[in-house]
Amino acid sequence: MKKLTTLLIIALVTTTAWSQKIYKVGYESQADLKVYVVEYESQADLKVYFVDYESKATEDGLWFFVEYESQADKKVYFVEYDSQANLKIYKVEYESQAGWRNKEKQHLLL
């Protein structure tokens, strides 16, 4: 029983860590993360691809914007200046390009 419980906990943590359902808030104070979209890939902490379906948001960098706050794993606010951000992202053209450039920031999406 103890092994089963441990396996279930590991599966839940792993699934949650990869889940990338995002809700865009209107005010900085409502956000879990302050995000800035950079102009160049080399400036980013995370390369992001915006997926069309929630079921595709299964890995780091694959983001799906949800309609309601209660559906989100993270609430984000897009800031005007990079110095205000917790996380800097770069929008990539292809799903396969998504992922971390700065793994020290991974804890922000857990």
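The values are calculated or read from the model by the stated rules, or taken from the named source; none is laboratory data. Quick caveat: nothing in here was measured; it's all calculated off a predicted structure. Counting neighbours? That spans all protein chains shown, and the Cβs are built from the backbone with ideal geometry, glycine included. What goes into the accessible areas is simple: the full protein's heavy atoms, side chains included, and nothing from ligands, DNA or RNA. Shrake-Rupley method; radii C 1.70, N 1.55, O 1.52, S 1.80 Å.
May I ask you to list the residues in segment 55-72 that are of a type in the set (D, E, K, R) and open to solvent by less than 60 Å² (accessible area, probe 1.4 Å)? Residue satisfying the conditions is Asp60 alone.
Scanning segment 29-69 for residues that are more than 16 Å from Tyr90 (Cα to Cα) and aliphatic (A, V, I, L, M) yields Ala31, Ala57, Val66. Consider Gln20 carefully, then state whether it is open to solvent by 40 Å² or more (accessible area, probe 1.4 Å) and not acidic (Asp, Glu). It is false that Gln20 is open to solvent by 40 Å² or more (accessible area, probe 1.4 Å) and not acidic (Asp, Glu).
Evaluated against (1) in a strand (DSSP E or B); (2) open to solvent by 70 Å² or more (accessible area, probe 1.4 Å), Tyr49 falls short on exactly one condition, (2).
Yes/no matrix, rows are residues, columns are (1) within 12 Å of the chain's Cα centre (by Cα); (2) over 19 Å from Lys105 (Cβ atoms):
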{"site": "Glu54", "(1), (2)": "no, yes"}
{"site": "Phe64", "(1), (2)": "yes, yes"}
{"site": "Gln71", "(1), (2)": "no, yes"}
{"site": "Phe78", "(1), (2)": "no, no"}
{"site": "Ala85", "(1), (2)": "no, no"}
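Just one of the numbered conditions (1) crowded, with 18+ Cβ neighbours inside 10 Å; (2) at pLDDT below 95 is not true of Tyr36: (2). If only residues of segment 73-85 that are aromatic (Phe, Trp, Tyr) and surrounded by fewer than 19 Cβ atoms within 10 Å (Cβ to Cβ) are counted, the one that is nearest to Lys21 (Cα to Cα) is Phe78. Considering only residues in segment 70-110 that are aliphatic (A, V, I, L, M) and not in a strand (DSSP E or B), the one that is modelled with the lowest pLDDT turns out to be Leu110.
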